[in-house]
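Asker: Got a structure for you, written out below as structure tokens; questions coming shortly.
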């Protein structure tokens, strides 16, 4: 049986109480990005438009809507870190989402400890169980289908250093659910996490 569908063209509006776009592309991993201005001011902010894009070299990216400090810093300084948001850090992550002046240190605001990175100069969140140290590779403005530049820029970075809590490794294998990663859902306040009991395995079919 084919389900009945609600159809809309985004340019004309969705006709719903809240845009479903973010809820459909969900849950989304959170890009908790630490960066540093050229003057040395620390910045820490969460981005729900974030993901991995390449294996070798490993490349991740996050998108900032408008002139975000994280985007400006990553472009100007050429470095940033991604920090895993585990469920126990939810409140601190949420605190860093506040709209504050560029000279406000979100580490201090959220009661977090900046830790020295090994490869890049930008500090990371000491409390994070997993961290990617990154060097910026591209900052790409997004275009509409008509070729018009949007307010959004995507920052791509090569992962040049990885920190993993040994508690998340079993026989050398990273245990995703053990990190209790927090994921962004739809609407203004929905979040999810990953549970081991929800896991199932499938192997890619062999080539014919």
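The values are calculated or read from the model by the stated rules, or taken from the named source; none is laboratory data. None of these values were measured; they are calculated from a predicted model. All Cβ positions, even for glycine, are placed from backbone atoms using ideal geometry, and neighbour counts span all protein chains on display.
Asker: Can you name the condition, by its number, that residue 11 falls short on among (1) assigned to a helix (DSSP H, G or I); (2) modelled with pLDDT of 95 or more; (3) out of contact with any strand residue (DSSP E or B) (no Cβ under 6 Å at 6 or more places or on another chain)?
Answerer: (2)
Asker: From the residues in the range 97-124 that are farther than 19 Å from residue 79 by Cα, touching a residue at least 24 places away in the same chain (Cβ under 8 Å) and in contact with a helix residue (DSSP H, G or I) (Cβ under 7 Å, 6 or more places away or on another chain), which one is surrounded by the fewest Cβ atoms within 10 Å (Cβ to Cβ)?
Answerer: 110
Asker: Here's a follow-up. If you go through the range 15-36, how many residues are in a loop (DSSP other than H, G, I, E, B), surrounded by 11 or more Cβ atoms within 10 Å (Cβ to Cβ) and at pLDDT below 95?
Answerer: 6
Asker: Taking the conditions exactly as written (more than 18 Å from residue 184 (Cα to Cα) and either crowded, with 21+ Cβ neighbours inside 10 Å or modelled with pLDDT of 95 or more (or both)), does residue 131 satisfy them or not?
Answerer: yes
Asker: Are there any pairs with C-beta distances below 8 angstrom linking a residue in the range 1-26 that is without any contact (Cβ under 8 Å) to a residue 60 or more places away in the chain and at positive phi to a residue that is part of a helix (DSSP H, G or I) and surrounded by 10 or more Cβ atoms within 10 Å (Cβ to Cβ), with the two at least 6 apart or on different chains, and if so which?
Answerer: Listed pairs, sorted by first residue: none to list.
Asker: Say whether the condition of being touching a helix residue (DSSP H, G or I) at 6+ places or on another chain (Cβ under 9 Å), part of a loop (DSSP other than H, G, I, E, B) and surrounded by 14 or more Cβ atoms within 10 Å (Cβ to Cβ) is met by at least one residue in the range 197-208.
Answerer: no
Asker: Residue by residue through the range 154-180, note down the ones that are surrounded by 12 or more Cβ atoms within 10 Å (Cβ to Cβ), in a helix (DSSP H, G or I) and free of Cβ contacts under 8 Å to residues at least 24 places away in the same chain.
Answerer: Those that are surrounded by 12 or more Cβ atoms within 10 Å (Cβ to Cβ), in a helix (DSSP H, G or I) and free of Cβ contacts under 8 Å to residues at least 24 places away in the same chain: 177, 178.
Asker: Do we find that residue 46 is in contact with a strand residue (DSSP E or B) (Cβ under 7 Å, 6 or more places away or on another chain), under 27 Å from residue 125 (Cα atoms) and either surrounded by fewer than 16 Cβ atoms within 10 Å (Cβ to Cβ) or modelled with pLDDT of 95 or more (or both) in this structure?
Answerer: Considered against the rule, which asks whether it is in contact with a strand residue (DSSP E or B) (Cβ under 7 Å, 6 or more places away or on another chain), under 27 Å from residue 125 (Cα atoms) and either surrounded by fewer than 16 Cβ atoms within 10 Å (Cβ to Cβ) or modelled with pLDDT of 95 or more (or both), residue 46 comes out as yes.
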